[in-house]
Amino acid sequence: MAIKAKELAQKLGISEATLSLVLNHKGGISKRTRDMVTEKVISMGYGYMFKNDQNPVADDIAGISEAIPLPAENGYLGFVIYQDTGLFMENTPFFPLIIDGMDLMARKYGYRLLVVNIRRDMDLNTKLGYIKDSGCVGYVIYAPEFPEEEVDYLKQLKIPFVLLDNYFPGKDIDAVTLNNEQGIYSILKMLIDKGHRRIGYLSSGVNIQSFRERRDSYRRLVPEMGLVLEPRFFWEIGYPDQQAAQGMDRMLGRNEGLPTAFITDNDYVAFGAMKSLMEHGYSIPADISVVGYSDRPVCMYIVPNITTVRIPRMRFGGEAVDLLINKILNRPYDEEKSTVKTAVSLELVVRDSVGDVPK
């Protein structure tokens, strides 16, 4: 019986990203992990899921620019995927592009990429052991769900690391994040240019740094851009799409009216909200406009397609590796011992879920 990759990854206790690397014969994981996953997949009867490719080495370097030679290796860089609830792994289908961007930058400097999977429910010594035993010279930590209290334990390892998609203002660490203020500003400006003056916000209720920045930016920028901030149109409806749809059903049942447009934490929140709105008889965008965030594939699963802002995924991963390598090489500001937070800007993608303000 056929099985989805996400379901198989859950059965194996690994991330979808790791499973994809194994099934597609790509590099970036240890031989031990590859052999273990391969054996389990075959023993469970899912051997048909492997890509029919007898040249894994060639496949491993697919997508790498021919203009960048592969120099002698300087060692491995680790990409630590830290999972807590698993929501952000299950709903992050663009991971291959992030990994490709990291791999491209790593190879440019003569390193290779190694994926390390960590779960929050592991004891601390096991987590640190996974990282130390991988033997990498530095690590990029995929950190939306990474707990602040564990940052100090990472620092005690005395191994260079960079956080990706999270940071902690009270910690002296390097990080690559999204420029969420710029993303929200670009959405608000587009809506204002289309005549919208009553713009609400749909929150996921998920307490991660990136989502908090989006909400805070909305609250700060709305009055700065000449609009009235209306708290009654700031709704927490849930995450991902099914929970968001149910939450939107509850809010619409209160009959408190609507703004002319909603901005959301995330594309899945927008997707669920739009399904609920249309089931309640609202036309999008004739009655109300909805904007997502991140440009995930779900934006194209619904009609009208979702207006959103796009994360430059290869650039996102590549910037993290570039920052990590500068730390490893202690350049160019090694005497100052300062840390860096790099914020990657987003691109507005206007689709059919947004229109001019209803007359």
Inset, instruction - Being surrounded by fewer than 19 Cβ atoms within 10 Å (Cβ to Cβ) and not in a helix (DSSP H, G or I) is the filter here, so list the residues in the stretch 286-298 that pass it. - result: A286, D287
Inset, instruction - Quick one: N180 ticks every box in (1) closer than 20 Å to Y218 by Cβ; (2) in contact with a helix residue (DSSP H, G or I) (Cβ under 8 Å, 6 or more places away or on another chain); (3) surrounded by fewer than 17 Cβ atoms within 10 Å (Cβ to Cβ) except a single one, so which number is it? - result: (3)
Inset, instruction - Output the number of the condition that K327 fails; it satisfies all remaining conditions of (1) farther than 23 Å from E181 by Cβ; (2) touching a helix residue (DSSP H, G or I) at 6+ places or on another chain (Cβ under 9 Å); (3) not assigned by TED's automatic domain parsing to the domain that holds K189. - result: (2)
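Can you tell me how many residues in the stretch 77-98 are hydrophobic (A, V, I, L, M, F, W, C) and modelled with pLDDT of 80 or more? Don't jump to the end; show me each part of the working.
Residues of the stretch 77-98 that are hydrophobic (A, V, I, L, M, F, W, C), as a first pass: 77, 79-81, 87-89, 94-95, 97-98.
From the residues that got through so far, the ones that are modelled with pLDDT of 80 or more too are 77, 79-81, 98.
The total comes to 5.
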Inset, instruction - Go through the stretch 1-52 and tell me which helices (runs of 4 or more DSSP H), entirely inside it, have 2 or more residues that are charged (D, E, K, R) and modelled with pLDDT of 70 or more. - result: 5-12, 31-43
Inset, instruction - With the condition kept exactly as written, say whether any residue in the stretch 312-334 is surrounded by fewer than 24 Cβ atoms within 10 Å (Cβ to Cβ), β-branched (V, I, T) and in contact (Cβ under 8 Å) with a residue 60 or more places away in the chain. - result: yes
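This table checks each residue for (1) among the hydroxyl-bearing types (S, T, Y); (2) at pLDDT 90 or above; (3) within 13 Å of G78 (Cβ to Cβ); (4) in the same structural domain as D174 (by TED's automatic domain parsing).
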| position | (1), (2), (3), (4) |
| --- | --- |
| D100 | no, no, no, yes |
| L114 | no, no, yes, yes |
| I118 | no, no, yes, yes |
| D121 | no, no, no, yes |
| K127 | no, no, yes, yes |
| G138 | no, yes, yes, yes |
| V151 | no, yes, no, yes |
Inset, instruction - Would you point out which residue out of F233, F161 is of a type outside the set (D, E, K, R) and within 30 Å of S134 (Cα to Cα)? - result: F161
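Does G205 satisfy the condition of being crowded, with 21+ Cβ neighbours inside 10 Å and closer than 20 Å to V298 by Cα?
Details: crowded, with 21+ Cβ neighbours inside 10 Å: no; closer than 20 Å to V298 by Cα: yes.
So G205 does not fit the description; no.
Just one of S276, S210, S283 is within 30 Å of Y142 (Cα to Cα) and either in a loop (DSSP other than H, G, I, E, B) or assigned by TED's automatic domain parsing to the domain that holds P304 (or both); which is it? Don't jump to the end; show me each part of the working.
Values: S276 fails: within 30 Å of Y142 (Cα to Cα); S283 fails: within 30 Å of Y142 (Cα to Cα).
Within the list S276, S210, S283, the selection yields S210.
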Inset, instruction - Can you tell me which residue within the stretch 106-132, out of those that are in a helix (DSSP H, G or I) and basic (K, R), is nearest to S30 (Cα to Cα)? - result: K132
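For the stretch 262-282, what are the residues that are charged (D, E, K, R) and surrounded by fewer than 24 Cβ atoms within 10 Å (Cβ to Cβ)? Write out each step before concluding.
Of all residues in the stretch 262-282, those charged (D, E, K, R) come to 265, 267, 275, 279.
Answer for the stretch 262-282, where residues must be charged (D, E, K, R) and surrounded by fewer than 24 Cβ atoms within 10 Å (Cβ to Cβ): K275, E279.
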Legend entry - Residue tally, condition free of Cβ contacts under 8 Å to residues at least 60 places away in the same chain and surrounded by 18 or more Cβ atoms within 10 Å (Cβ to Cβ), over the stretch 107-159: 8
Inset, instruction - Check the stretch 215-226 and report whether any residue there is assigned by TED's automatic domain parsing to the domain that holds F271, without any contact (Cβ under 8 Å) to a residue 40 or more places away in the chain, surrounded by 15 or more Cβ atoms within 10 Å (Cβ to Cβ) and among the polar types (S, T, N, Q). - result: yes
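Could you count how many residues in the stretch 267-301 are among the β-branched types (V, I, T) and at pLDDT below 95?
Within the stretch 267-301, the first condition is being among the β-branched types (V, I, T), and the residues that meet it are 269, 284, 288, 290-291, 298.
Within this subset, residues satisfying the condition of being at pLDDT below 95 are 298.
Number of matching residues: 1.
Where in the stretch 143-203 are there strands (runs of 3 or more DSSP E), lying wholly inside it, with at least 3 residues that are in contact with an Asp or Glu (Cβ under 8 Å, 6 or more places away or on another chain) and more than 23 Å from R310 (Cα to Cα)?
Here the list is empty.
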Inset, instruction - Determine the pairs where a residue that is in the same structural domain as N266 (by TED's automatic domain parsing), located within the stretch 343-359, has a partner that is surrounded by 14 or more Cβ atoms within 10 Å (Cβ to Cβ) and modelled with pLDDT of 95 or more with Cβ atoms under 9 Å apart, the partner being 6 or more residues away or on another chain. - result: none
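The values are calculated or read from the model by the stated rules, or taken from the named source; none is laboratory data. This one's a predicted model, so the numbers in the text were calculated from it and none came from an experiment. Because the Cβ atoms are built from the backbone with ideal geometry, glycine has one as well, and the counts that use them run over all protein chains shown.
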